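Below is one structure, written out as structure tokens; comments come after it.
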Amino acid sequence: MVTVAETPLDGRCPEGSIANRWDQRKRDLKLVAPNNKRKHTIIVVGTGLAGGSAAASLAELGYNVLSFCIQDSPRRAHSIAAQGGINAAKNYQNDGDSVWRLFYDTVKGGEWRSRESNVYRLATLSTSIIDQCVAQGVPFAREYGGTLANRSFGGAQVSRTFYCGGQTGQQLLLGAYQAMMRQVHNGNIKVFARREMLDVVVIDGVARGIVTRDLVTGKFETFASDAVVLCTGGYGNVYYLSTMAKTCNVTAAWRCHKKGAYFANPCYTQIHPTCIPVSGGHQSKLTLMSESLRNDGRVWVPKTKGDTRSPDQIPEGDRDYYLERRYPSYGNLAPRDVSSRAAKERCDAGYGVGPSRMSVYLDFSKAIQQYGEAVIREKYGNLFHMYERITNENPYKVPMRIYPAVHYAMGGLWVDYNLQSNLPGLYVLGEANFSDHGANRLGASALMQGLADGYFVIPYTVGDHIATRKVTPVSTGHPEFQAALDASTARIESILKVNGMKSAEHFHRALGKIMWDDVGMARNEKGLLRAIDLIRELRDQFWKEVKVLGSGEAFNQNLEHAGRVADFLEFGELLARDALYRDESCGGHFREEHQTAEGECQRNDDKYSYVSAWEFQGVGAESILHKEPLTFVDAPLGVRSYK
């Protein structure tokens, strides 16, 4: 039985016209004078697009910034892996785009489960992001005449996606990185690489610092600040196999949750439809093939079940271009959740291709015939090269084989309009928060959110916290720092002391199978209840049987992994419970009990038009559910159809 808090959560959104709310909020925010900014220290955890842009922007304002990352360099954050592009409502194509249309597409794409005010601000700021990045020298693709080029992504009928070949995330990250390094040179940012955040320090109910572990030496350290900005990405690796880097984890966010920060909508996980299929039990991760490929690639399966002919031997009349058939208005650029479920349905029905029969074709033959191989190579060359290196198949000659995989987390720590969690002083940016994408993120919107939060939102809102609370200095000598340090040290020691017979990898794989089988693309009450029981059993087994070689006082990747798996084993139960309690289908959360006759999501707006924000009550204990009601005035509730 879930305990629901009586008082609704307040997102602290401004009143009035949605188009003016961000300007209104900026007018209302308290300021910190330039000469006083130098007296304040802000911790930024993570150096991806959200963290890198936030650190650079805050340092540019004059704050002292401490920047932390688990990689050996800030520029190796996982944002570097983003391929396809970044959305912005510039309307360079003159095809009917606008700030309002980007706002509406995003709300509709998220199945009306996001906060209107945040989404409209994101759409408004999107145009400034492009200007900022161009000024930094980001090499966006350009048309023959020199203007910036655009292409289309899923869930939109306009071309609003700016891109740098198939390496957009890398180029945007380098822009943020060089802005960071400028401030490092100026002495306003100190970078702490190879540090993992293990706890947030809370003093008098306010976040005032963090505990980290040096991943090279094993040394624990504490750092004090006037605000903590968390930019640590998503939790997709709870499924073990995902498109995310192996270092991506939930630990920093989860430790904040255990200190009082609410975790919102954890069941909203995104499955990306165009990934290289699983090839065997040896794999530790999966590889994304950019959604941009669906601009020119056509998705199909044979019309005959179990057809084993090679694709070049299957004539056009024997092919089922099922996305074009089911969703003629959007075709192959239907949104990710819709396209993923359609691929799963075809494969489950026996129409899959490849050795495992669990993949579909992404075919470029028509585009190559129409435009020539040189044009396709210029657009997607690095992606085709990556695919051939992994599969040993030439996509210029034979269709790619793709299948959905876990890719992104729409859920995250709850934040208000200022991006501050319910824990004062703790701000959460980018994928680590829940705020902008609802139950499904549209393609090319993750980079947009990360940079909007870092370049244009947090520089305004963090100053309001410092000025309003009149934050006074605190040192790491405060007893709360020692208490957090002792707790972090004890957890590491407890993992080492188990001294069982099974690796952390064993438990991570086992958890991933539970999550994928019962909390994956299709969910139901029986499976979710089974998953919760199995996760609890596996967690108990972990604390009795895990084996971690080596010590905690040196470089030890097995220990790093074990600590993250321990957190996944706690978080996975919350994800499953959230999916169980949300007894409807919406976006990436598909409950088989609630679908239309055509197999589409069936929402229940009367009962579930709210944000689920969970309050931690202890490992294995029932969390308290806080609800933030969602209202839709400027993007009224409607049927989410891409027919």
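Order these peptides, 568-578, 324-334, 405-415, by their mean beta-carbon neighbour count within 10 angstrom, highest first.
On the way: 568-578: 24.1, 324-334: 17.5, 405-415: 28.0.
Those peptides, ordered most packed to least, come out 405-415, 568-578, 324-334.
Could you run the Karplus curve 6.51 cos²θ - 1.76 cosθ + 1.60 with θ = phi - 60° over segment 33-42 and give me ³J(HN,Hα) per residue in whole Hz, x for Gly and Pro?
With coefficients 6.51, -1.76 and 1.60, one gets 4, x, 6, 8, 4, 5, 8, 10, 10, 10 Hz.
Mind checking the log10 I(q)/I(0) for segment 61-205 at q = 0.13, 0.20 Å⁻¹? Debye, one equal scatterer per Cα, no solvent, two decimals.
The Debye formula, applied to the Cα set alone, gives -0.75, -1.21.
With a 1.4 Å probe and every protein chain kept in, tell me what percent of the accessible surface of segment 272-407 is carbon plus sulfur. Don't skip to the end; give the middle numbers.
Details: 2820 of 5780 Å².
Its accessible area is 49 percent carbon and sulfur atoms.
Taking the Cα centre of the chain as origin, sum charge times position over the Cβ atoms of Lys and Arg (+1) and Asp and Glu (-1), and report the length of that vector in debye to the nearest 20.
Values: 75 positive and 70 negative charges, 205 e Å.
Taking the Cα centre of the chain as origin, the dipole is about 980 debye.
Please report, as a whole percent, how much of the solvent-accessible surface of segment 479-609 comes from carbon and sulfur atoms (probe radius 1.4 Å).
On the way: 2850 of 5830 Å².
Heavy-atom surface of segment 479-609 belonging to carbon and sulfur, 1.4 Å probe: 49 percent.
Based on the mean of other beta carbon atoms within 10 Å per residue, what is the order of 468-477, 379-388, most packed first?
Numbers: 468-477: 12.2, 379-388: 18.7.
Top of the packing list down: 379-388, 468-477.
Viscosity 1.002 mPa s, temperature 20 °C: what is the translational diffusion coefficient of segment 327-372 from Stokes-Einstein with a Kirkwood Rh over Cα pairs, rounded to a whole number of µm²/s?
Diffusion coefficient, whole number: 178 µm²/s.
How much length, in nm to one decimal, is gained on full extension between VAL633 and TYR321, taken as 0.36 nm per residue of separation minus their Cα-Cα distance? Kindly include the intermediate steps, with their values, before the conclusion.
On the way: separation 312, 0.36 × 312 = 112.32 nm, distance 3.69 nm.
Between VAL633 and TYR321, full extension yields 108.6 nm more.
Express in nm, to one decimal, how much length is gained between ASN524 and THR489 on full extension, taking 0.36 nm for each residue of separation and deducting their alpha carbon distance. Don't skip to the answer; put the middle values down first.
Details: separation 35, 0.36 × 35 = 12.60 nm, distance 3.92 nm.
Net length gain for the segment: 8.7 nm.
Per residue and in cubic angstrom, what volume does the convex hull of the Cα atoms of segment 389-486 have? Walk me through the numbers before you get to the answer.
Values: hull volume 19.1 nm³, N = 98.
Hull volume normalised by residue count: 195 Å³.
Taking 19 Å as the cut-off for C-alpha to C-alpha distance, list the pairs among LYS305/LYS344; LYS366/LYS397; LYS39/LYS470; LYS344/LYS366 that go past it. List each step's numbers first, then the result.
Details: LYS305/LYS344 14 Å; LYS366/LYS397 11 Å; LYS39/LYS470 12 Å; LYS344/LYS366 24 Å.
Where the Cα-Cα span goes over 19 Å, the pairs concerned are LYS344/LYS366.
Starting from a Cα-only point model with no solvent, please compute log10 I(q)/I(0) by Debye for segment 487-570 at q = 0.10 1/Å.
The computed values of log10 I(q)/I(0) come out as -0.27.
For segment 511-558, how big is the tail of P(r) above 12 Å, as a whole percent of Cα pairs? Mind showing how you got there, number by number?
Numbers: 766 of 1128 pairs.
Everything past 12 Å amounts to 68 percent.
Between segment 552-589 and segment 148-172, what is the separation of their alpha carbon centroids in Å?
With segment 552-589 and segment 148-172 each reduced to a Cα centre, they are spaced 31 Å.
May I have the pair-distance distribution P(r) for segment 272-407, computed from all Cα-Cα distances with 5 Å bins from 0 and rounded to whole percent?
Final binned percentages: 2, 10, 21, 25, 22, 14, 4, 1.
In the chain, how does Rg compare with the Kirkwood Rh, expressed as the Rg/Rh ratio over alpha carbon atoms?
Details: Rg = 23.7 Å, Rh = 24.9 Å.
On the Cα set of the chain, Rg over Rh gives 0.95.
Along the Cα-to-C-beta direction of ILE203, a point sits 7 Å from the Cα; which residues of segment 37-59 have their amide N less than 16 Å from that point?
39-43
Using bins 5 angstrom wide from zero, how does P(r) for segment 425-550 break down, in % of all Cα pairs?
P(r) over segment 425-550, rounded to whole percents: 2, 8, 11, 10, 11, 14, 15, 14, 12, 5, 0.
List the aspartates and glutamates whose Cα sits under 20 Å from the Cα of LYS246, skipping any in the same chain fewer than 8 residues away.
ASP72, GLU196, ASP214, GLU431, GLU505, GLU560, ASP567, GLU570
Helix check for the chain. Which DSSP H runs span at least 27 Å along their own axis by Cα, with a mean Kyte-Doolittle hydropathy no less than -1.0? Walk me through the intermediate numbers first.
Numbers: long enough: 116-136 (30 Å, 0.19); 479-498 (29 Å, 0.23); 525-545 (30 Å, -0.70); 557-581 (36 Å, -0.11).
Those that pass (Cα extent of 27 Å or more, hydropathy at least -1.0) are 116-136, 479-498, 525-545, 557-581.
Could you order the peptides 398-404, 122-128, 492-498, 336-342 from most to least packed, using the average number of other C-beta atoms within 10 Å per residue?
Details: 398-404: 23.3, 122-128: 21.6, 492-498: 15.1, 336-342: 26.0.
Ranking the peptides 398-404, 122-128, 492-498, 336-342 by packing returns 336-342, 398-404, 122-128, 492-498.
Just going by the charge dipole of segment 69-189, with Lys and Arg at +1 and Asp and Glu at -1 on Cβ, which of THR168, VAL119, SER79 is farthest out on the positive end?
Going by the charge dipole, the pick is SER79.
If you project the alpha carbons of segment 1-112 onto their three principal axes, what span does each projection cover, largest first, in Å?
43, 42, 42
Enumerate the calculated ³J(HN,Hα) couplings along segment 142-153 in order (Karplus 6.51 cos²θ - 1.76 cosθ + 1.60, θ = phi - 60°), each rounded to whole Hz, writing x wherever the residue is Gly or Pro.
3J(HN,Hα) across segment 142-153, in whole Hz: 10, 6, 4, x, x, 6, 5, 8, 10, 9, 9, 10.
Number of Lys pairs in segment 479-609 with C-alpha atoms less than 20 angstrom apart, excluding same-chain neighbours closer than eight positions? Intermediate values should be presented prior to the final figure.
On the way: LYS497/LYS544; LYS497/LYS547; LYS502/LYS513; LYS502/LYS544; LYS502/LYS547; LYS513/LYS526.
Going through segment 479-609 pair by pair, I get 6.
For the chain, report the accessible area per residue in Å² (1.4 Å probe, heavy atoms, rounded to an integer).
38 Å²
Cα convex hull of segment 264-318: how many Å³ per residue?
Working: hull volume 9.6 nm³, N = 55.
Taking the convex hull of the Cα positions in segment 264-318, it is 175 Å³ per residue.
Averaged across orientations, what area in nm² does the convex hull of the alpha carbons in segment 558-643 project?
On the way: hull surface 33.4 nm².
Approximately 8.4 nm², given one-decimal rounding.
Could you work out how much longer the chain between LYS470 and GLN24 gets when fully extended? Use 0.36 nm per residue separation minus the Cα distance between them, nm to one decimal. Before the final figure, lay out the partial values.
Values: separation 446, 0.36 × 446 = 160.56 nm, distance 2.24 nm.
The span from LYS470 to GLN24 would gain 158.3 nm if fully extended.
Along the charge dipole of segment 272-407, Cβ charges K/R +1 and D/E -1, which of SER356, ILE402, ALA367 sits furthest on the positive end?
Of the options given, the answer is SER356.
The values are calculated or read from the model by the stated rules, or taken from the named source; none is laboratory data. It should be emphasised that the depicted structure is a prediction, and the values quoted were computed from it without experimental measurement. Reconstructed Cβ throughout: ideal geometry from the backbone, glycine too, with neighbour counts over all protein chains shown. With ligands, DNA and RNA removed, areas are computed over all heavy atoms of the protein, side chains included. Shrake-Rupley method; radii C 1.70, N 1.55, O 1.52, S 1.80 Å.
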